[in-house]
Each structure stands twice: as structure tokens, then as C-alpha cells.
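A.B. asks: Below are the C-alpha cells for one structure; questions will follow.
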Amino acid sequence: MKRASWFARYLAILIDLSFFLCVSVLLCVSGLTGAMLGAATASSAGLFSTLRTFAAIFFFFEIFLFLFYFTYLTACGESTFGKQVFGLRVVRRRDNAPVGVARSLVRALAYWLSALPLFLGFLMALLPGGRALHDVIAGTMVIKEE
């Protein structure tokens with residue numbers, strides 16, 4: 001098993017985030033359109049209330065969607081769409097076994113820590129160990145399929 005290069009991992013996360021952004025924009029536009037059409041006859045106070053409610057629901061839905069995407073795909077297929085493009089898999093560090101749902105969820109939650117501050121946790125993959133902060137926290141590593 002060969003560790004994945006930082007460049008392949010970088011391109012894979014760009015694909016994943018691009019996919020996630022496209023889905024998010026489509027959901028936002030369709031939801032916002034529905035909310036606006038539903039509030040079209042309301043007063044301005046009712047419109048602002050509808051928009052606030054939509055923003056809160058959309059925010060929590062986005063968090064759920066992010067966690068579902070990165071947890072489910074990593075746990076069930078050992079790779080997200082971006083990782084599949086480059087032949088990468090996420091495995092447990094100690095025995096190269098599948099990560100499972102709990103470890104995959106921890107890894108997805110730890111993405112937020114890797115992003116703060118200034119994506120330094122992601123840059124840890126450039127160090128000799130080749131593991132980002134979320135991999136260290138979850139006890140995982142990204143490998144290149146042979």
C-alpha cells in the first residue's frame with residue numbers, strides 16, 4: 001500500500017468541494033425560489049421572517065449534507081467521488097482496514113479543525129508523515145490503490 005501524494009489529495013478535495021458547491025447552489029436556489037414564491041404576498045416583515053427561517057434551515061441542512069457526504073462515502077466505499085477519480089482510499093492507519101462509520105464521522109468532523117486556521121491542518125499532509133490533521137485525529141490515512 002502506497003501513501004497518496006499530497007497533490008492527488010489536493011485535487012481530490014477540490015473535486016469533492018466543487019461537487020458539494022454545485023449541489024449546494026442548486027438546493028439554495030430552488031429553496032430560495034420556493035420561499036420567495038411562498039412569501040410573495042406577505043409584508044416585508046413576513047418576507048424577512050421567511051428569509052431568516054430559510055437561512056437557518058439551509059445552514060443546518062448544509063452541515064448535515066457535508067457530514068453525510070464525507071461520512072457515508074468514506075465509510076461505505078472508502079472514498080469520495082474526488083478520491084475515486086484519483087484511485088485513493090481512506091483506511092485505518094494501523095491495519096489498512098476499512099474505516100467504518102464512527103471513524104469516518106470523526107474524520108469528517110475533524111475537517112473543520114483542519115481548516116482552522118488558514119487550512120494548516122490540511123498542510124500537514126506536506127510533512128514527511130503525509131497525514132493531515134483530520135487523519136491524525138481519526139487514526140486514518142489516504143492510500144493510492146494499486
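The values are calculated or read from the model by the stated rules, or taken from the named source; none is laboratory data. A quick note: this is a predicted structure, and the numbers were derived from the prediction, not measured. Cβ placement follows ideal geometry from the backbone for every residue including glycine, while neighbour counts extend to all protein chains displayed.
A.B. asks: Please state which of the following conditions residue 35 fails to meet, knowing it meets all the rest: (1) assigned to a loop (DSSP other than H, G, I, E, B); (2) of a type in the set (Gly, Ala, Ser); (3) modelled with pLDDT under 90.
C.D. replies: Going through (1) assigned to a loop (DSSP other than H, G, I, E, B); (2) of a type in the set (Gly, Ala, Ser); (3) modelled with pLDDT under 90 one by one, residue 35 breaks only (1).
A.B. asks: Something else about it: Taking the criterion of being modelled with pLDDT under 95, of a type outside the set (Val, Ile, Thr), surrounded by 13 or more Cβ atoms within 10 Å (Cβ to Cβ) and closer than 22 Å to residue 6 by Cβ, would at least one residue in the range 93-110 satisfy it?
C.D. replies: yes
A.B. asks: For the condition farther than 21 Å from residue 119 by Cα, in a helix (DSSP H, G or I) and basic (Lys, Arg), what is the one hit in 94, 52?
C.D. replies: Criteria check complete, one pass: 52.
A.B. asks: Now, a different point. Among the residues of the range 1-32 satisfying the criterion of being part of a helix (DSSP H, G or I) and not hydrophobic (A, V, I, L, M, F, W, C), which is surrounded by the fewest Cβ atoms within 10 Å (Cβ to Cβ)?
C.D. replies: 30
A.B. asks: Of 86, 64, 122, which residue is over 20 Å from residue 3 (Cβ atoms) and out of contact with any Pro (no Cβ under 7 Å at 6 or more places or on another chain)?
C.D. replies: 64
A.B. asks: Can I ask one more? Which residues, taken from the range 115-143, are assigned to a helix (DSSP H, G or I) and closer than 20 Å to residue 14 by Cβ?
C.D. replies: 115, 120, 121, 122, 123, 124, 125, 126, 133, 134, 135
A.B. asks: Among the residues of the range 55-91, how many are part of a helix (DSSP H, G or I) and β-branched (Val, Ile, Thr)?
C.D. replies: The qualifying residues number 5.
A.B. asks: Related question: Looking at 48, 60, 64 in this structure, which one is surrounded by 12 or more Cβ atoms within 10 Å (Cβ to Cβ) and either free of Cβ contacts under 8 Å to residues at least 12 places away in the same chain or not acidic (Asp, Glu) (or both)?
C.D. replies: Residue meeting the stated conditions: 48.
A.B. asks: Return yes or no: is residue 71 touching a residue at least 60 places away in the same chain (Cβ under 8 Å) and out of contact with any Gly (no Cβ under 7 Å at 6 or more places or on another chain)?
C.D. replies: So residue 71 fails the test.
A.B. asks: Within 15 Å of the chain's Cα centre (by Cα) and surrounded by fewer than 17 Cβ atoms within 10 Å (Cβ to Cβ): is that true of residue 113 in this structure?
C.D. replies: yes
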